[in-house]
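Asks: Just passing along the structure, written as structure tokens.
The values are calculated or read from the model by the stated rules, or taken from the named source; none is laboratory data. As the structure is a prediction and not an experimental result, all values here were calculated from the model. Please note: Cβ atoms are built from the backbone with ideal geometry, for glycine as well, and neighbour counts cover all protein chains shown.
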Amino acid sequence: MVWQISVDECVFMERDSIWNQSFEQLAQWCSNEGLPAYRARQIFGWLYAKNATQWEQMTDLPQSLRQRLDECYTVDLPQIIHHRTDREDGTEKLLIQLVDGKAVETVVILRDAKEEEGFTVCVSTQVGCTFACRFCATGRMGLVRDLEAGEIVAQVLLVQRLGKAVKRVVLMGMGEPLHNYENVLAAIRLLCGEESLNWSPRRITCSTVGLVPEIYRLAQDAPGVKLAVSLHGTTDQKRAEIVPIAEIYTLDRLFEALRYYHERDKRRISFEYLLIRGVNDGIRDAHRLVDLLRGLVCHVNLIPNNRIPKSEFTHPSRQVITRFAQILKDGGVAVTIRASKGRGISGACGQLATESRGRESATTTDV
Ligand code: SF4
């Protein structure tokens, strides 16, 4: 059902952000306002191609329309309030303040340290997270709130507006993307929409800790989007020690969903496997992982655990990591040992959270 909002009603409604609107919603609003269809395209052009952040900048729109837009929508983007760069590998971390004063972190990664390869932006989808994975700083915060679709896309726009060519987005920052399903899906549609950023879905990777029902939904709703699964354990018991939600979504259920996801359009699935000393880094763990992945077209990223405050988890020695990877290779599994980028600024996997920290090996700018 489409709600027809009269001119007067709109004035009394709380204004939504224009960044949350799909092109279709804005086109409907224009139609309700009696405006020609091309106006929606013009407004999206200003937002996504011409980097406007104020209605007054949209100089080819009539003044009356700019005023009407201002009555119905806000156009402010969240603000970068802190910007740090890891001296070791150039990874950047942005602290972004949302309009209600809450904050999230966004990480900007330079692939293979080559600017021509473009930047990968690791975006947050929630303030905090409810799933309490034991290696993860965000999980310690609890869930504060979901991000809106526009707040997810805004993280990409803010990085672009720093003059960086963003080639890939990974939904792997703060929060569990599939636990904020509707907003994440709307954000993916804004990234890929012809009238907004017009990306191929293959430039987007959605991570999940293994929320089975939403994996089935995503397979239907977002063809082409890559999936990355945080696995971290090879038995239900061991996995649940690290990722508590694994008590509900067992490996059997998870892998059934992943086979379905793969069957939808033959996309390769990535697995993130955090190597934690003495917990999941043994020879038997590696062999069980080979057995688990047999027959699935996939790739495994081995990530040495990144230390967070007050955690007993540490990373294994180089020798143990290499031995683990070799067993996977010998078992026919494609594997990469991931150098943890952004460790010097607490921007690596599992380290994102918005409480204040000491300033490690980084250059820091308050904006
Ligand atoms: S790893 Fe992901 S799902 Fe687990 S607590 Fe951290 S943000 Fe949440």
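Asks: Would you confirm, using the coordinates I've provided, whether Val108 is of a type in the set (Val, Ile, Thr), modelled with pLDDT of 95 or more and not in a helix (DSSP H, G or I)?
Replies: Numbers: of a type in the set (Val, Ile, Thr): yes; modelled with pLDDT of 95 or more: yes; not in a helix (DSSP H, G or I): yes.
Against the criterion (of a type in the set (Val, Ile, Thr), modelled with pLDDT of 95 or more and not in a helix (DSSP H, G or I)), Val108 qualifies.
Asks: Moving to a separate point now. Which residues, counting only those in the range 293-339, are in a loop (DSSP other than H, G, I, E, B), closer than 19 Å to Ile269 by Cα and within 27 Å of the chain's Cα centre (by Cα)? Please lay out each step first, then the result.
Replies: In the first step, residues of the range 293-339 are kept if they are in a loop (DSSP other than H, G, I, E, B); the result is 294-297, 305-317, 331-333, 338-339.
Within this subset, residues satisfying the condition of being closer than 19 Å to Ile269 by Cα are 294-297, 331-333, 338.
Passing the criteria: Leu296, Val297, Val333, Arg338.
Asks: Also: Applying the selection to the range 119-140, what residues are among the hydroxyl-bearing types (Ser, Thr, Tyr), touching a residue at least 60 places away in the same chain (Cβ under 8 Å) and within 8 Å of the ligand (Cβ to nearest atom)?
Replies: Once the filter is applied, which keeps residues that are among the hydroxyl-bearing types (Ser, Thr, Tyr), touching a residue at least 60 places away in the same chain (Cβ under 8 Å) and within 8 Å of the ligand (Cβ to nearest atom), the range 119-140 yields only Thr138.
Asks: Still on this structure, please answer the following. Out of Glu241, Glu247, Glu263, which single residue is surrounded by fewer than 18 Cβ atoms within 10 Å (Cβ to Cβ), of a type outside the set (Ser, Thr, Tyr), out of contact with any Phe, Trp or Tyr (no Cβ under 9 Å at 6 or more places or on another chain) and in contact (Cβ under 8 Å) with a residue 60 or more places away in the chain?
Replies: Working: Glu247 fails: in contact (Cβ under 8 Å) with a residue 60 or more places away in the chain; Glu263 fails: in contact (Cβ under 8 Å) with a residue 60 or more places away in the chain.
Step by step, each of Glu241, Glu247, Glu263 is checked, and only Glu241 is surrounded by fewer than 18 Cβ atoms within 10 Å (Cβ to Cβ), of a type outside the set (Ser, Thr, Tyr), out of contact with any Phe, Trp or Tyr (no Cβ under 9 Å at 6 or more places or on another chain) and in contact (Cβ under 8 Å) with a residue 60 or more places away in the chain.
Asks: Could you tell me whether any residue of the range 141-160 is in the same structural domain as Thr208 (by TED's automatic domain parsing), within 13 Å of the ligand (Cβ to nearest atom) and touching a residue at least 60 places away in the same chain (Cβ under 8 Å)? Let's see the steps before the verdict.
Replies: If we filter the range 141-160 for residues that are in the same structural domain as Thr208 (by TED's automatic domain parsing), which is where we start, we get 141-160.
Now restrict to residues that are within 13 Å of the ligand (Cβ to nearest atom): 141-144, 146-147.
Then keep just the ones that are touching a residue at least 60 places away in the same chain (Cβ under 8 Å); that gives 141.
Taking every residue of the range 141-160 in turn, at least one turns out to be in the same structural domain as Thr208 (by TED's automatic domain parsing), within 13 Å of the ligand (Cβ to nearest atom) and touching a residue at least 60 places away in the same chain (Cβ under 8 Å).
Asks: Please find, within the range 302-318, the residue that is surrounded by the fewest Cβ atoms within 10 Å (Cβ to Cβ) out of those that are without any contact (Cβ under 8 Å) to a residue 40 or more places away in the chain and under 10 Å from Leu274 (Cα atoms).
Replies: Among them, the one singled out is Leu302.
Asks: Taking the range 194-225, which residues are within 16 Å of the ligand (Cβ to nearest atom), touching a Pro at 6+ places or on another chain (Cβ under 8 Å), free of Cβ contacts under 8 Å to residues at least 60 places away in the same chain and among the small types (Gly, Ala, Ser)?
Replies: Within the range 194-225, the first condition is being within 16 Å of the ligand (Cβ to nearest atom), and the residues that meet it are 205-215, 218.
Those left that are additionally touching a Pro at 6+ places or on another chain (Cβ under 8 Å): 206-208.
Those left that are additionally free of Cβ contacts under 8 Å to residues at least 60 places away in the same chain: 206, 208.
Residues satisfying the conditions do not exist here.
Asks: Which of (1) β-branched (Val, Ile, Thr); (2) farther than 21 Å from Ala137 by Cβ; (3) surrounded by fewer than 16 Cβ atoms within 10 Å (Cβ to Cβ) is the odd one out, the single condition Ile321 does not satisfy?
Replies: (3)
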